[in-house]
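Working notes for the structure below.
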């Protein structure tokens, strides 16, 4: 029990330190500001542009008044599915930048050796760092989700709460996966730029690997198709709480934590 308390205490200490470093970083606020600006822009475009949902609703109303029979349109559902897809795509560009300094900055400043030789277990340090950056990402997403809730507040019929909850869960799981893998790549280099580029390349591959899988027949194609982040994230945007999608994103997160711990352990071995 004492060992568990020690592990939790160490993880929380790392978590607080890392979160404070993000809150004190001008770059983090610049990233958040750009994310909010683009997120707000696309929200307005999806709703109010000449081809947006509200314009489509107005056109449908005119058609119905003229006696044209049309299939029903769930505006709130279409909006949520489209907007979560946009935020997920934006996150693919933002998350590698958030992850790039998790260990690369430590290596650059010479403090990574202190972490590698400290009595705190490597995976505990990695977990604290991951929780901190995921928390910061959630803080970035919350204002946009508040705008979404306000926009849908007058929807008739009312939006099913599970659509919003499942979509947000998908964003958090996606972020944890990308940030965890990016943390591992960050531990391999002292260059934050290189770490960001490597993470972005890996994320793009995992985002569109289903397109590659379609060209490969047999079990290998099926396996690659299952690795697609886009395919599994799309299920969340549709309000589908799929167990296999949750397991995939958690597996990516745990894999990143494991590889990061092994990377730091290798550095400890080299120093010894």
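Just so you know, all these numbers are worked out from the coordinates, no wet-lab data involved. Just so it is clear, the structure is predicted and the values come from calculations on it, not from any experiment. Ideal geometry is used to build each Cβ from the backbone, glycine not excepted, and the neighbour counts take in all protein chains shown.
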Test of understanding: in a Gaussian network model of the chain with alpha carbons linked when under 10 Å, which of 127, 185, 202 would top the mean-square fluctuation ranking? 202
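Can you sort 247, 87 from fewest to most other Cβ atoms within 10 Å of each residue's own Cβ?
Working: 247 11, 87 26.
Fewest to most other Cβ atoms nearby, the residues stand as 247, 87.
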Could you list 123, 219 so that the one with the fewest beta carbons within 10 Å of its beta carbon is first and the one with the most is last? 219, 123
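Helix-only estimate, please: 222 nm mean residue ellipticity of the chain, summing -39500 (n - 2.57) across DSSP H runs of length 4 or more and dividing by its residues, to the nearest 500. Spell out each step's value before the answer.
Working: 12 runs with 223 residues, N = 272.
Per the formula, -28000 deg cm²/dmol.
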Just 193, 57, 209 to compare: in a GNM of the chain, with alpha carbon springs under 10 Å, which one fluctuates most? 57
Of the candidate values (1) 18.3; (2) 12.6; (3) 15.2, the one computed for mean projected area of the Cα convex hull in nm² from this structure is (1)
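So for 205, 249, fewest C-beta neighbours within 10 Å to most, what's the order?
Values: 205 13, 249 23.
Listing 205, 249 from fewest to most nearby Cβ atoms yields 205, 249.
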With the chain treated as a Gaussian network of Cα nodes joined by springs under 10 Å, which of 107, 16, 60 yields the largest mean-square fluctuation? 60
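How high is the relative contact order of the chain? Use alpha-carbon pairs under 8 Å, at least six apart in sequence, and give a whole percent. List each step's numbers first, then the result.
Details: 306 pairs, mean separation 69.2, N = 272.
Across the chain, relative contact order equals 25 percent.
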